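This report refers to the structure that appears directly beneath it.
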Amino acid sequence: MKRVVFTDLDGTLLDRFTYSYEKSLEAIKLLQVKGVPIIFCSAKTKAEQEEYRRELGIGDPFIVENGGAVFLPQDYFALPISGASSIPGYFVIELGLAYEEVRKVLKNVEREQGIFIRGFGDMSAEEVSQKTRLSPRCAVLASQRAYDEPFYLEGDSDQVKQVLDNIEKAGLRWTPVGSHYSTVGHTDKGKAIKILLELFKREFGEVETIGVGDSQNDLSMLASVDVPVLVQSAADEWVAGIDLAGIYKVNGIGPEGWSKAIKELFGDL
Ligand code: MG
């Protein structure tokens, strides 16, 4: 049976603070040697994910911006793909509302409520770098958004709740991401996974899916896979609110937990 790993990046395969994959490398190799697809399923943009794919030698499909779109390398599946557009190197299945539309909704909510919503689209790459600890170069790549907008809110808890309620009423989905939030329209990681999974099944028959995440924006991903794995977000701590039946809460923060779970599930080299 074909086994496929879907994985979050920030705080899961990558260290939450340094964005390093050093501690995941051995387990990534293990999957590569065994021919197991590694599907990035992250809030990161196409430009950011392409960097990691290049560095790690990963050539599998990937899901960008919290389910905004699925990118399929053009020679990956033998069977034709319907509903996808073609760009150099990839077929793309777009699921999210366009970034400009998402920004418009945020600006409307901001105007109505009189509370400043500061999104990546309002910031210079330098400010994104300061706020996220991304390197200046990576912050430029993180600013190249097409679907999902990370944003910061100021205000008391009632005001914040109201802003988030109104974003939801306008038809967008939001999730907390550490000190900020992220919003995307009409999609989530789970929706993107279901579409990709159908393509894998069509190509390979029976497929077993493993999903690894660390935070609330991974809930829809973890709910869509056969084997959901949650890594620790801090020492002896797993994020609250992800109580799926059969979830494996692995001992290990971020990439340490990622490696441990992968080695347990896939054995040795
Ligand atoms: Mg994460």
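Numbers below:
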{"read-out": "Answer residue from the range 215-258, given it is within 11 Å of the ligand (Cβ to nearest atom), under 17 Å from Cys41 (Cα atoms) and among the polar types (S, T, N, Q) and is surrounded by the fewest Cβ atoms within 10 Å (Cβ to Cβ) among those", "value": "Gln216"}
{"read-out": "Conditions (1) away from the ligand (no atom under 14 Å from the Cβ); (2) surrounded by fewer than 20 Cβ atoms within 10 Å (Cβ to Cβ); number of the one not met by Val70", "value": "(2)"}
{"read-out": "Count of residues meeting criterion [more than 16 Å from Leu222 (Cβ to Cβ) and within 14 Å of the ligand (Cβ to nearest atom)] in the range 21-48", "value": "4"}
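One line per residue, one yes/no per condition, for (1) within 27 Å of Asp268 (Cβ to Cβ); (2) part of a strand (DSSP E or B):
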{"position": "Thr18", "(1), (2)": "no, no"}
{"position": "Glu26", "(1), (2)": "yes, no"}
{"position": "Lys29", "(1), (2)": "yes, no"}
{"position": "Val36", "(1), (2)": "yes, no"}
{"position": "Phe40", "(1), (2)": "yes, yes"}
{"position": "Lys44", "(1), (2)": "no, no"}
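All of the numbers you see were taken from the coordinates with simple rules; none came from a lab. Since this is a predicted model, take the numbers as computed values, not measurements. So basically every Cβ, Gly included, is an ideal-geometry build from the backbone, and we count neighbours across all protein chains shown.
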